[in-house]
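Read the structure below first, then the notes.
Quick note: the coordinates plus some simple rules give every number you see, no bench work behind them. Predicted, not measured: the structure shown is a model, and the values here were computed from it. Cβ: placed from backbone, ideal geometry, glycine included. Neighbour counts: every protein chain shown.
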Amino acid sequence: MVKCICRGYLGPLAQMVTPPLFKHMGGAFAYQILPIASLRSLFTKSLLLVSKQNCSKVVHFDDFERLMPCHSKHGPSKNVQKHLYELRQLRTVFSETFGITEYASFFESLRDALRLKDPSKTEKKKLLYDIISQQHELHPEVAKNIGFCIPNEVHKWFWYNISKSESFNHYFFLLKNDVLLSTSMYCMNFTNRLMKGTEMERQLVTLQVFLHDEKNIKLIMEKVVKLHTFDSLVALVNGLVKAKNFKFFKSYIQALLLKLEQDCYSGEDATKQKSLRYVRFNNTLLYYLLKSGNVELFMKTFQEELKFITSSGLLNHIDGNEHILNFPIHHYLNLLRVSNRQEELFNVISCLQSSTLMRYKLFKEFLVGELVASFQAFRDPKLVCKYLLSSYSSKPSADILNALGIWGWVYHSKSTILTASELIKELKIHSGILPKTMRIGSPVTVPILTELYRSLLSSNFVSLERDQFKDCLLDLYYKYKTFLSKEANKYRYWRNDTGILNVFLNYIRFHAHEPRLAYDILLDFYSQPFAKNVRLTTVICPFSIVAYKNHELGQAELSELLQLMHKNGVPLTFKFCSAMVMHYIKIRDEKEARSWYNKILYGGFGIRHMALIQIIKDQGWPFPKNFDETLLAQLIEDNSIEEPTDDTIFTDENMFEESSGPGFNDDVGKCTNIIKETLKCLN
């Protein structure tokens, strides 16, 4: 019917369809598209014909109207209604088959919606949603097999017009309607935002929320493969590994392998592109083996990867802004550090410092980070400062250390701020101890400062009396707060995060044994104007450090913390929720305790906390669907619970136990030798 009465409209496809569509549909050619005006004659007064699955059915406008927004008492203006009516007619441009013509019509209908000036943001969002959902309904086989690409400008409009609080519902809509998630940077912005959000948001963006029922796994992982590119899926899996979320790791690895096999490679460098994909896949596997503590398999996989890179002719390949060796070697250095193999770590770094890998800033930052973090075992902040000043731009870095009060405590053992001339004079004494190849031409970064704070406070905790240590903590905290308020914006690369704050709270709460002071400091910090720009970058939330088993806090203080979290957009975490459950159980308020336990259930958190498992068992509450029953059996067998009494549950990284077995030593020696041999072959 449509083919018989439609007036043709010719034009180059490139004007209508963005580049991702060419790849998605496989080509471009002259097409026909239906102007909105010519569609009116196709309809009766109240009926619309829709072609679907080789048959036509009647859709009543009354049914369709119920989906449209009506946020004012009188509904949308007549002008808006007119435009909405015209755009709805675009459903008829879809024929029984699906190709470039239909895709171009779909794109143009979305762009027409963006060009409308009358609708409010809410109405326009609803209109865009309607067009996308109608496309999904009209072509279920396309949705099932390849999904739908939508124009970049539509994703851009969504990003700038959908609030942070609506991101969850928006992403769920995209998933439900099989919209490709990696064709636009704006869509990937939503992915990144939700990955940094609440547990439920992370489970949605990774689709884990649907995986707890084993019957869904196959279907959901097919959707993951369909909606993601290989690179975006790698980023997603790396995010799960970073959070040590391994529950469905096997399914994600299988999805990555499937994506690796599905992708087509053409042209002269097809073999090279496939090899590069394999290396990226292997890097994700290495990252998982590192974070899960599987040292033996890590060593074998690492050796095989370096051999493969050499044999496949990729040794001098630059992948983006980084050398192909950077990430596997960084993972290996990380393994050496967390397994307390400092001597071997220094040995490898000494080999690297003269290699061409030192051309890459990110790798040098990785290297310095592992070097500085490895010094924690020595409790020597002066040593950390020497390497810091030798690695980063010394003058601005010294200015930062002085403003933070660190310089005074490290070199003068007291609270003092040096004058500019005094600082320059003392800085001259510190000669560089690292070669020029390892120097980074920018001021010290926040992660490195976090390690320096740890080293300084660890040293002072041992060397100072309790009251002196408390004074040191408070002095450093207030100088840090002043720096964030007045100085941090001077430095281009400064990023406010929760790393340094967590160090302060950890030492105040578990070393100085001042739980009430930890609460006061947290309250003071998040009451500052800069707090809204502080990113939650640590695995452990600062509010969890303060609230967990803190018997100094009453109902009023906990309510204050909750209000502060809401005000600053800090998501609820498992540790905070479990802290609230235990608090209310302690004061025998089972109703409120159950309310907080329900938040754990709703959030989809995995439960492995034995004290909480004991409470759930004693109260007769239901366990979550994904609960590991072996933990309950273990609880019954042990008949006792060892509660954490220090800061161990608030350590961001679980350290490997040092291994001195011959197998481990041999593997380390082999890996280091392979690195040395590989470096000799670099250009």
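Annotations
- Annotation: the residues 280, 359, sorted from fewest to most other C-beta atoms within 10 Å of their own C-beta, follow the order 359, 280.
- The range 262-311 versus the range 176-208: alpha-carbon centroid distance in Å: 25
- Computed FRET value (nearest 0.05) for residue 433 with residue 467, which takes r as the C-beta separation and R₀ as 22 Å: 0.05
- For residue 497, the residues 5 or more places off, or on other chains, whose built amide H falls under 5 Å of its own are 535.
- Along each principal axis, taking the top coordinate minus the bottom one, the Cα set of the range 112-182 gives 34, 25, 17 Å in descending order.
- Of every Cα-Cα pair in the range 193-261, the percent that sits beyond 20 Å: 19
- Distance between modelled label sites at residue 478 and residue 681, nm, 7 Å Cα→Cβ extension: 6.0
- Taking amide H as placed 1.01 Å from N in the peptide plane, residue 179 has its amide H under 5 Å from the amide H of 148, each at least 5 places away in sequence or on another chain.
- Residues whose amide H falls under 5 Å from that of residue 440, counting only those 5 or more places apart or on a different chain, are 392, 393, with hydrogens built in the peptide plane.
- Taking the alpha carbon gyration tensor of the range 211-352, multiplying each eigenvalue by 5 and rooting it gives semi-axes of 27, 22, 11 Å, largest first.
- Ranked 384, 534, criterion: other C-beta atoms within 10 Å, fewest first: 534, 384
- Ellipsoid semi-axes in whole angstrom, largest first, where each is sqrt(5λ) of the Cα gyration tensor of the range 89-241: 26, 20, 13
- The value given for the range 330-461 is a Kirkwood hydrodynamic radius of 15.1 Å, derived from the mean inverse Cα-Cα separation.
- Here the Karplus relation 6.51 cos²θ - 1.76 cosθ + 1.60, evaluated at θ = phi - 60°, turns the backbone of the range 316-327 into coupling constants of 10, 6, 9, 9, x, 9, 10, 6, 4, 7, 4, 6 Hz, with x for every Gly and Pro.
- Inter-part distance, the range 339-373 to the range 580-633, computed on C-alpha centroids, equals 44 Å.
- Segment residue 292-residue 555, length gained on full extension (0.36 nm per residue, minus Cα span): 90.9 nm
- Ellipsoid equivalent to the range 426-535 - semi-axes via the Cα gyration tensor, in Å: 26, 20, 11
- Qualifying GluC sites (Glu not before Pro) in the range 404-467, DSSP loop, other Cβ atoms within 10 Å at most 11: 465
- Taking the C-alpha atoms of the range 412-457, convex hull volume expressed per residue in Å³: 128
- Whole-Hz ³J(HN,Hα) from phi, Karplus 6.51 cos²θ - 1.76 cosθ + 1.60, for the range 566-580, glycine and proline x: 5, 4, 9, x, 8, x, 5, 10, 4, 5, 5, 4, 5, 4, 5
- Near residue 303, once Lys and Arg are set to +1 and Asp and Glu to -1 for all other residues with Cβ below 12 Å from its Cβ, the sum equals -3.
- Fewest-first ranking of 485, 275, using other Cβ atoms within 10 Å as the exposure measure: 485, 275
- All other residues whose Cβ lies under 14 angstrom from that of residue 535 are scored, Lys and Arg at +1 and Asp and Glu at -1, for a net of +4.
- FRET efficiency, residue 112 to residue 490 (Cβ-Cβ, R0 56 Å, nearest 0.05): 0.75
- Coupling constants for the range 666-672 follow from the phi torsions by the Karplus curve (6.51 cos²θ - 1.76 cosθ + 1.60, θ = phi - 60°), and in residue order they are 5, 5, 4, x, 5, 5, 5 Hz; glycine and proline get x.
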